Amino acid sequence: MKYDVIIIGAGMSGTLAGIKLKAQGKSFLIIEKAARMGGTWRDNTYPGLTCDVQSHAYTYSFEPNPEWTRTFPSGPEIHSYFENVFKKYKLAENTRFNTEIANAKWQKDHWLLQDQHGQQYAGTVVIAATGVLHHPHRPDIPGLADFKGSLQHTAAWDHSVPLDGKKIAIIGNGSTGVQMVSALSTRAHVRHFQRTPQWIFPVENMVFTEEQREEFRKNRDLLIYLHDEPTYVAAVERFTNAVLDPDSPEIMEIQKICQDNLHNSVADPVLRSKLTPSYRAGCKRLIYSPDYYRAIQHPNSQLITEGIERVEATGIRTSDGQLHELDIIALATGFKADRFVRPMQVIGLHDKTLDQAWENGPTAYKAISMPDFPNFYFMNGPSSPVGNFSLIDTAEMQWGYINQLIERLETANIAGLSARHQALDTYDQERKEAARNSVFGSGCTSWYLDKNGIPNTWPWSQSRFREEMRAPVWQDYAEHHLQTVAA
Ligand code: NAP
């Protein structure tokens, strides 16, 4: 059987594409390597996991959720929201779980995919909804293998390991490490290993009362309003505008809020100085936290800024010669953000592989399409917008665009569509220039940067992205016909 569309990945984006294709009566298959849906919310279950985007904004626009318990709900609550939506739209009947695609090859008018067991699947269009942050980065610290306690990456947390009263090292202070410190400081002896300080933006995590939830249940219009609540929408727009210019008044305002938060929360000048970054707020992904500063000042906690020299059987030895004895080491060290659909091998026109096309780093025209890879489209792919806002909104805009590319195959009677080389080159050139000048490129390291140190993100405003996703510029696409291959 040849499907109209094959979606790789049953996370937030793949589920969205599945819902939309089902509504259109298209034949489609979702292929998921794990046994459950959920992507990042399935894989990440570390203590303290939450989402720093407001819950009512972090929903599909067409599936508001009256049951959210807080402004920033826990990871399990978010995962169960996605599972409920998946169930509601009966997507399990369209999904093959425990199936990992090893390779995909373009065949003149469709893709042939092969899984780890050699089984093949044919589809006219492939949507790579494989997420960005799903290959854990395990740092190359000498002696890691010698540790006799429990060593874990936050993206594969083993809940059978007891935490209460234990001595636990948390290496890394991105969103993950900070959330873990907040969750564990009252339960365990936390040693937070910080290589680079982070700016922390204060937020309040409010509880929705039963009365409020009852009101949400009765009033769908209110939920729709909260999804696009004007102050949230304005804040996102302000933030996305602010990152374009590291000297903008908006970024200075964010910086001031973070500085005040640090000054008002941490009295000890030595600790405060250790927690003070030397780069602009917003350069690394801004950390939103209601309680990190309180947690790191808890008597159980210790901030360790000396470099890690090596790991030994019983703990971590720092550059000052001290051995920090430990029961558990948690690697909150992030992800390999340049993998995207890889390690899957993707072979397009002229037997070109995606690895070859990405020799200089992952890219895609408007974050959607690669020249010579007809009908192969990304959701949350290379150069997609990232920042402190809902990736669901981004995926919904991308779906609207990809849907038009799919429809075009039928209306124009063509076998395939892919961005033209010239279109990608122009996009990339303008994008890199703008990205270099954004706050993300203003002098820090982060997972946003490509191997040349250029932010691999959408460097313009949210409203520009919305506008550009409204309709494809057809001149920027090459049409592929069965007999002839367009230039
Ligand atoms: P991350 O932001 O990439 O942070 C990794 C941390 O590990 C950094 O502090 C880094 O230090 C440190 N590190 C890496 N290698 C190290 C080494 N060899 N020695 C010492 N420290 C090392 O990863 P993350 O915290 O997992 O977050 C990744 C992204 O996931 C976030 O930016 C966000 O987009 C998403 N996320 C979102 C939420 C949410 O609430 N929405 C929650 C968690 C994650 P340096 O800074 O010095 O490199």
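The values are calculated or read from the model by the stated rules, or taken from the named source; none is laboratory data. Note that this is a predicted model, so its numbers are computed, not measured. Glycine also receives a Cβ, built like all others from the backbone with ideal geometry; neighbour counts cover every protein chain displayed.
Observations
- The set of residues from region 457-487 being in a strand (DSSP E or B) and hydrophobic (A, V, I, L, M, F, W, C) comprises Ala478, Val485.
- Any hit, region 197-217, residues being under 20 Å from the mean Cα position of the chain (by Cα), surrounded by fewer than 20 Cβ atoms within 10 Å (Cβ to Cβ) and either over 30 Å from Glu467 (Cα atoms) or charged (D, E, K, R) (or both): no
- Restricting attention to region 458-479, the residues that are of a type in the set (Ser, Thr, Tyr), in contact with a helix residue (DSSP H, G or I) (Cβ under 6 Å, 6 or more places away or on another chain) and closer than 16 Å to Ile368 by Cβ add up to 0.
- Any chance Thr15 is under 21 Å from Val181 (Cβ atoms), modelled with pLDDT of 95 or more and either under 15 Å from the mean Cα position of the chain (by Cα) or crowded, with 20+ Cβ neighbours inside 10 Å (or both): no
- Check on Ser74, without any contact (Cβ under 8 Å) to a residue 60 or more places away in the chain and touching a Leu at 6+ places or on another chain (Cβ under 7 Å): yes
- Residues being acidic (Asp, Glu) and either within 16 Å of Thr196 (Cβ to Cβ) or at pLDDT below 95 (or both) - total across region 238-294: 4
- Residue ID - nearest to Gly39 (Cα to Cα), chosen from residues in region 97-136 that are more than 16 Å from the ligand (Cβ to nearest atom) and of a type in the set (Gly, Ala, Ser): Ala129
- Selected residue (only one of Lys22, Lys33 is surrounded by fewer than 18 Cβ atoms within 10 Å (Cβ to Cβ), more than 30 Å from Ser289 (Cβ to Cβ) and in contact (Cβ under 8 Å) with a residue 60 or more places away in the chain): Lys22
Every residue, every condition in (1) in contact with a helix residue (DSSP H, G or I) (Cβ under 7 Å, 6 or more places away or on another chain); (2) closer than 24 Å to Trp157 by Cα; (3) more than 16 Å from the ligand (Cβ to nearest atom), yes or no:
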position: Met37; (1), (2), (3): yes, yes, yes
position: Leu49; (1), (2), (3): yes, yes, no
position: Asp52; (1), (2), (3): yes, yes, no
position: Ser61; (1), (2), (3): yes, no, yes
position: Pro66; (1), (2), (3): yes, no, yes
position: Pro73; (1), (2), (3): no, yes, no
position: Val85; (1), (2), (3): yes, no, yes
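- Counting only helices (runs of 4 or more DSSP H) wholly contained in region 349-456, the ones carrying 3 or more residues that are among the β-branched types (Val, Ile, Thr) occupy 391-411.
Listed here are the residues, each with its yes/no results for (1) in contact (Cβ under 8 Å) with a residue 12 or more places away in the chain; (2) touching a Pro at 6+ places or on another chain (Cβ under 9 Å); (3) on the phi > 0 side of the Ramachandran plot.
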residue	(1), (2), (3)
Asp115	yes, no, no
Gln120	no, no, no
Ala129	yes, no, no
Leu133	yes, no, no
Asp140	no, no, no
Gly143	yes, no, yes
Phe147	yes, no, no
Trp157	yes, yes, no
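- Test result for Ile287, within 26 Å of the chain's Cα centre (by Cα), over 25 Å from Cys444 (Cβ atoms) and either of a type in the set (A, V, I, L, M) or in the same structural domain as Ser384 (by TED's automatic domain parsing) (or both): no
- Exactly one residue among Pro362, Pro371 is touching a residue at least 60 places away in the same chain (Cβ under 8 Å), surrounded by 21 or more Cβ atoms within 10 Å (Cβ to Cβ) and farther than 27 Å from Thr445 by Cα, and that residue is Pro371.
- Residue check, Ser80 surrounded by fewer than 21 Cβ atoms within 10 Å (Cβ to Cβ), under 23 Å from Ala155 (Cβ atoms), among the hydroxyl-bearing types (Ser, Thr, Tyr) and free of Cβ contacts under 8 Å to residues at least 60 places away in the same chain: yes
- Scanning region 83-113 for residues that are surrounded by fewer than 19 Cβ atoms within 10 Å (Cβ to Cβ) and either of a type in the set (Asp, Glu) or within 17 Å of Asn375 (Cβ to Cβ) (or both) yields Glu83, Glu93, Glu100, Asn103, Lys105, Gln107, Lys108, Asp109, Leu112.
- Residues in region 298-325 that are in contact with a Ser or Thr (Cβ under 7 Å, 6 or more places away or on another chain) and either within 12 Å of the ligand (Cβ to nearest atom) or not in a strand (DSSP E or B) (or both): His298, Asn300, Ile304, Glu306, Gly307, Ile308, Glu309.
- Residues of region 156-204 classified as away from the ligand (no atom under 11 Å from the Cβ), assigned to a loop (DSSP other than H, G, I, E, B) and more than 13 Å from Ala295 (Cβ to Cβ), total: 12
- Among residues of region 109-152, those that are in a strand (DSSP E or B), among the hydrophobic types (A, V, I, L, M, F, W, C) and under 26 Å from the mean Cα position of the chain (by Cα), counted: 6
- Selection count, region 137-155, where residues are more than 10 Å from the ligand (Cβ to nearest atom) and exposed (fewer than 14 other Cβ atoms within 10 Å of the Cβ): 4
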